[in-house]
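Participant: Got a structure here, written out as structure tokens. Questions coming.
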Amino acid sequence: MLRKNWQNREKLQAQATRQGFGEGLLAAAKLDPNIVALCADLTGSLNMTDFQAAFPDRFFQVGVAEQNMAGVGAGLALSGKTVFISSFAAFNPGRNWEQIRVSIGYNNANVKVIGSHAGLSVGEDGATHQALEDLATMRVIPNMSVISPADGLEAKKATLAIARKKGPFYLRLCRAKTPLFTSPEAKFVIGQAQVLQPGRDLTLIATGPLVYEALAASLALAKLGLKAGVINLHTVKPIDQQAIVKAAKATGAIVTIEDHQAYGGLGSAVAEVLVKHCPVPQEFVAVKDTFGESGQPAELFHKYGLDAKHIFTAVKRVLKRK
């Protein structure tokens with residue numbers, strides 16, 4: 001599931017997950033003539049220009065009108081199309097959540113909601129554009145599946161997968177380029193977590209590009225004699241309960257890692273599984289009930305507690321509680 005040289009960050013290629021989405025959308029559209037795409041005035045930022053050039057009759061620029069985009073997308077889906085609606089996550093689903101809930105979720109419409117530039121990794125765009133609540137707000141909508149790919153390659157695979165699967169999906173993407181560490185041969189299955197390495201002392205469960213930070217932390221922990229399992233939970237909903245429970249039973253301690261608020265996101269979803277099936281100590285590496293600010297992503301990750309130092313601190317806390 002991992003590239004052979006995944007341990008060497010400097011030698012890995014880098015790609016934003018939004019770039020992988022653009023490649024996946026174009027590839028999916030070549031296979032399925034029913035695919036159409038809508039964008040809210042951010043075609044270049046969402047890497048949809050190749051799709052627009054290849055299929056101009058299947059691309060709709062709705063302008064800065066995210067609520068209208070959700071309604072139009074639902075109408076197209078109910079007419080038989082497979083629809084992708086795209087913007088920054090702060091606006092899609094941030095601004096049009098009610099339209100997504102009623103027009104898409106309630107109708108179980110075949111619409112794929114693409115939210116890019118999510119999390120603190122947006123960096124200099126600042127608090128207004130740093131969607132840190134989207135996993136929480138989208139996973140509570142009935143019928144909605146939620147996916148957060150770990151790197152650009154997985155984002156492409158995820159896009160192809162949700163294009164084939166009927167029903168509403170939320171695909172969470174990031175702005176910044178991050179290491180391409182997953183293997184091209186690795187299979188992407190909706191709802192099936194990827195156990196990147198087994199653990200003995202604890203398990204790190206992460207989603208999105210912070211999966212790589214979890215892997216990096218596991219290498220440092222190994223030098224201290226600690227064997228940390230690492231799980232890529234790319235599908236936040238439907239969640240892979242079996243993988244979570246198995247890891248909890250094997251290691252007895254869980255640390256969840258996400259570029260999102262501590263409330264309602266990946267950590268909360270994992271906790272819901274643990275409290276019911278296998279209660280073990282859990283620590284949360286996430287943003288602690290605050291807005292972000294403008295800055296370099298690495299600076300923000302450090303200030304808001306998402307970097308390797310804070311993963312180490314969370315590991316120490318969870319092991320004391322084990």
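The values are calculated or read from the model by the stated rules, or taken from the named source; none is laboratory data. Remember, it's a predicted structure, so these values are computed and weren't measured experimentally. With ideal geometry, Cβ positions are generated from the backbone for all residues, glycine too; neighbour counts draw on all protein chains shown.
Participant: Of all residues in the range 276-322, count the ones that are among the acidic types (Asp, Glu), free of Cβ contacts under 8 Å to residues at least 60 places away in the same chain and closer than 17 Å to Ser218 by Cβ. I'd like the intermediate steps shown before the answer.
Facilitator: First, the residues of the range 276-322 that are among the acidic types (Asp, Glu): 283, 289, 293, 299, 307.
With the extra rule that they be free of Cβ contacts under 8 Å to residues at least 60 places away in the same chain, the set shrinks to 283, 289, 299.
Add one more test, that the residue is closer than 17 Å to Ser218 by Cβ, and what stays is 283.
Number satisfying all stated conditions: 1.
Participant: Related question: Would you confirm whether any residue within the range 233-255 is among the aliphatic types (A, V, I, L, M), in a strand (DSSP E or B) and farther than 23 Å from Lys309 by Cα?
Facilitator: Keep residues of the range 233-255 that are among the aliphatic types (A, V, I, L, M), which gives 233, 236, 239, 243-245, 247-248, 250, 253-255.
Okay, now just the ones that are also in a strand (DSSP E or B), so 236, 254-255.
Keeping just the survivors that are farther than 23 Å from Lys309 by Cα gives 236.
Scanning the range 233-255 turns up at least one residue that is among the aliphatic types (A, V, I, L, M), in a strand (DSSP E or B) and farther than 23 Å from Lys309 by Cα.
Participant: Of the residues that make up the range 191-199, is at least one more than 12 Å from Ala247 (Cβ to Cβ) and either buried (at least 24 other Cβ atoms within 10 Å of the Cβ) or of a type in the set (A, V, I, L, M) (or both)?
Facilitator: Checked the range 191-199: no residue is more than 12 Å from Ala247 (Cβ to Cβ) and either buried (at least 24 other Cβ atoms within 10 Å of the Cβ) or of a type in the set (A, V, I, L, M) (or both).
Participant: Please specify each residue of the range 191-216 satisfying the condition of being assigned to a loop (DSSP other than H, G, I, E, B) and under 17 Å from Gly115 (Cβ atoms).
Facilitator: From the range 191-216, those assigned to a loop (DSSP other than H, G, I, E, B) are 191-193, 198-201, 207-209; that's our starting set.
Result: Thr207, Gly208, Pro209.
Participant: With Ser103, Ser86 as the choices, which residue is modelled with pLDDT of 95 or more, under 18 Å from the mean Cα position of the chain (by Cα) and surrounded by 18 or more Cβ atoms within 10 Å (Cβ to Cβ)?
Facilitator: Details: Ser103 fails: under 18 Å from the mean Cα position of the chain (by Cα).
Exactly one residue qualifies, and that residue is Ser86.
Participant: Mind checking which pairs have a first residue in the range 209-224 that is assigned by TED's automatic domain parsing to the domain that holds Lys156 and under 12 Å from Val255 (Cα atoms) and a second that is of a type in the set (Ser, Thr, Tyr) and in a loop (DSSP other than H, G, I, E, B), Cβ under 7 Å, 6 or more apart or different chains?
Facilitator: From residues that are assigned by TED's automatic domain parsing to the domain that holds Lys156 and under 12 Å from Val255 (Cα atoms), there are no pairs.
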